[in-house]
Amino acid sequence: MRTKQELRKALLEARLSISHLEKKKYQDLLLIQFQQLSIPFLYSIHSYIPIPERNEPDPEPLIRWLQFRNPGMKVAVPKVIENHDLNHIEINEETRWTSNSWGISEPEAGNLINPKYIDLIFIPLLGFDLQGNRIGYGKGFYDRFLVECRKDALKIGLSYLPPITESFAVDPWDIPLDFCLTPDRIYAFT
């Protein structure tokens, strides 16, 4: 059994090997998969900002589709604060952006959204298994954030890669996904 660190390295290498053309195709397929989900009306969502250097799936097309389906829906993104915690800042077309110490885009300012009011969360990941456990980047930002959210908030991962079939250690604080979308299918864990 490989360690999480070894899996992270292998998964990142696999994702970085995806070409620009493949990525464009995969993005379209992720949106098609997402449109198949039966999602209730949403008032507020949270989304990660993809890191281009890590070839992460981009949730923006899914967010635009949700905004069309849920007029007035608020969209929050993370802003790193002290102790590796996250604030959840509402964004709009007037949001001004800056880069944090990791080179990730963040809003300079904006209204805070309480995690208890978030209905759906797009969660960044490197990989996931068939039980909905995810392998993140290892900093614990989203593990701490998800504890603050309602239990019924939808937790959705996006992956260009299929699920991990080998076992990996799951920590007691890990909160599984409800769904993970790949270009090929929807994985449901609820």
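Remark: residue 145 falls outside the filter, which requires a residue to be assigned to a strand (DSSP E or B) and in contact (Cβ under 8 Å) with a residue 40 or more places away in the chain.
Residue-by-condition table, conditions (1) of a type in the set (A, V, I, L, M); (2) at pLDDT 95 or above:
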| position | (1), (2) |
| --- | --- |
| 41 | no, yes |
| 56 | no, yes |
| 66 | yes, yes |
| 100 | no, no |
| 109 | yes, no |
| 118 | yes, yes |
| 128 | no, yes |
| 139 | no, no |
| 145 | no, no |
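If you take the residues in the stretch 124-142 that are under 12 Å from the mean Cα position of the chain (by Cα) and closer than 20 Å to residue 83 by Cβ, which one is surrounded by the fewest Cβ atoms within 10 Å (Cβ to Cβ)? Filtering the stretch 124-142 for residues that are under 12 Å from the mean Cα position of the chain (by Cα) and closer than 20 Å to residue 83 by Cβ, the one surrounded by the fewest Cβ atoms within 10 Å (Cβ to Cβ) comes out as 137.
The residues listed here are 50, 57; of these, the one that is in contact with a strand residue (DSSP E or B) (Cβ under 7 Å, 6 or more places away or on another chain) and outside any strand (DSSP E or B) is 57. For the stretch 1-17, a residue qualifies if it is over 13 Å from residue 158 (Cβ atoms) and either touching a Leu at 6+ places or on another chain (Cβ under 8 Å) or modelled with pLDDT of 95 or more (or both), and the qualifying residues are 7, 8, 9, 10, 11, 12, 13, 14, 16, 17.
Consider residue 118 carefully, then state whether it is over 25 Å from residue 37 (Cα atoms) and of a type in the set (A, V, I, L, M). No.
Of everything listed in (1) within 13 Å of residue 57 (Cβ to Cβ); (2) touching a residue at least 60 places away in the same chain (Cβ under 8 Å); (3) crowded, with 17+ Cβ neighbours inside 10 Å, the single unmet condition for residue 18 is (3). Residue count for the stretch 63-76 under the criterion of being more than 22 Å from residue 87 (Cβ to Cβ), in a helix (DSSP H, G or I) and not aromatic (Phe, Trp, Tyr): the result is 2. How many of the residues making up the stretch 79-97 are farther than 15 Å from residue 63 by Cβ, among the charged types (D, E, K, R) and loosely packed, with under 10 Cβ neighbours inside 10 Å? Qualifying residue count, the stretch 79-97: 3.
The values are calculated or read from the model by the stated rules, or taken from the named source; none is laboratory data. Small disclaimer: the values here were computed from a predicted structure and weren't measured. All Cβ positions, even for glycine, are placed from backbone atoms using ideal geometry, and neighbour counts span all protein chains on display.
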